[in-house]
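Down below is the structure, laid out as structure tokens.
Bear in mind these aren't lab numbers, they're just calculated from the coordinates by the rules spelled out. On a predicted model such as this, the values are computed, not experimentally measured, just so you know. When we count neighbours, we look across all protein chains shown, and the Cβ atoms used for this are built from the backbone with ideal geometry, even at glycine.
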Amino acid sequence: MEYQYHPSSYGVSSSSHSNHHQQGSTTPKSLSSQRSLVSVPSLNHHLHAPNSTVYHHCLTTLKGHTSSYISSLTLSGKFLYTGSSDREIRSWNRIPENSSNNNNNSNTVLTGNGAVKSLVIQSNKLFSAHQDHKIRVWKISTNNNNDNDHDQKYTHVATLPTLGDRASKILIPKNQVQIRRHKKCTWVHHVDTVSALALSRDGTLLYSVSWDRTLKIWKTKDFTCLESLANAHDDAINAVAVSYDGCVYTGSADKKIKVWKKFAGEKKHTLIETLEKHNSGVNALALSSDENVVYSGACDRAILVWEKKEGDDGKMGVVGALRGHTKSILCLSVVADLVCSGSADTTIRIWRGCVDSHEYSCLAVLEGHRASIKCISAVVDHCNNNNNNTSQSEALLSFLVYSGGLDCDIKVWQILLPAS
């Protein structure tokens, strides 16, 4: 297994990648100066006219991270988990009834070096991706005997690759890869920032992507590395998404989205498709609720909508673009039929579309962050939906959007829109 890893081959030399990943400091080139994508038709025809029947407001602002920006967040049950640029992971109770002061009701763990780039949860295990090239695994336990059911405890379970995984491969020459002229390591190692994580549908597999241009697959039971796709892209990989049918989507600073799949009887994933329409680095990916649509956000300020073509072996084709943001798209999240996008222009946009007619509208623009939106997640607000006492004709659906930014704030937004 041979591949050459050249740190200088991306990052500073790639304008899209350097702009996206140097946000804590002055960037050499404004994110807004990336070329706008004009070769793809717009799916939203009213760019600056949010829907007047949609109500939204910021419920609260969480300020636990005071000296570092929010680099990742995820939701699990009644808890919100956030990662910061200074290696801090926090958990928050997101149920208002259980907390009179959300800002003080959080647990913290410090680990590794640099930013916590991604967080995913499988059962009672939290997986965190780090700038120090490692993935860490935490067992989450809750003290049910305490009146405060937010009393959570983190126990460090493993650091990937594990010592056993490394030891079993280090003595076999074919397991060594060249990363610099005079340095080698085993193929189970990431050798640059681990930028994103995703889980398989059944939770048995963890997928990680890195600025070292590799895609790795891990078992969530014993944490062994099953596979590493070297040089999966020509530049740093920023995003990964996994569908229920096992397709793995990776987005990179090389402007491409690649689709991978492991077929029955095969030992490794195979590249089955390359999607090329963006003209700058891809920062974010999200799948629609039915997983027939892929959304991609990039430094060209557009969100591209990709759909599977009928009668073409399930190949993806670009349908159009969602436009309205004035700077790079940095994060995406999908809930029900809503698409939420966070941008370097400091705003969040809420989109809703009709797949059959290929028409989308921007329902709302959320303003309140003072810097780029780095991460976002959205869920159905079951508490308010269940307690909705309005008549059927006036029924509203409630959604909650959680966003983290370079302004060190975590904001919680409520979106109310007609059920029809």
Report the extension gain between Thr66 and Thr159 in nm, rounded to one decimal, defined as 0.36 nm multiplied by the number of residues separating them, less their alpha carbon distance.
-> 30.8 nm
Peptides ranked, highest mean first, by Cβ atoms within 10 Å: ranges 294-303, 106-115, 241-250 = 294-303, 241-250, 106-115
Listed here are the pairs Lys262/Lys315; Lys268/Lys374; Lys117/Lys256; Lys219/Lys261; which of them are more than 23 Å apart at the Cα?
-> Lys268/Lys374
Once Lys and Arg are counted +1 and Asp and Glu -1 for all other residues with Cβ under 12 Å from that of Cys58, the total becomes -1
Given the peptides 322-333, 214-225, arrange them by the average over their residues of other C-beta atoms within 10 Å, most packed first.
-> 322-333, 214-225
Tell me which aspartates and glutamates have Cα within less than 18 Å of Lys63's Cα, excluding those fewer than 8 residues away on the same chain?
-> Asp86, Glu88, Glu367, Asp407, Asp409
The answer for Arg301, listing residues at least 5 apart or on another chain whose modeled amide H is closer than 5 Å to its amide H, is Ile329
Determine the gain in length on full extension of the stretch Ile172-Cys383; use 0.36 nm per residue of separation and subtract their C-alpha separation, reporting nm with one decimal.
-> 70.4 nm
Whole-angstrom gap from the range 279-305 to the range 118-133, using each part's C-alpha centre = 22 Å
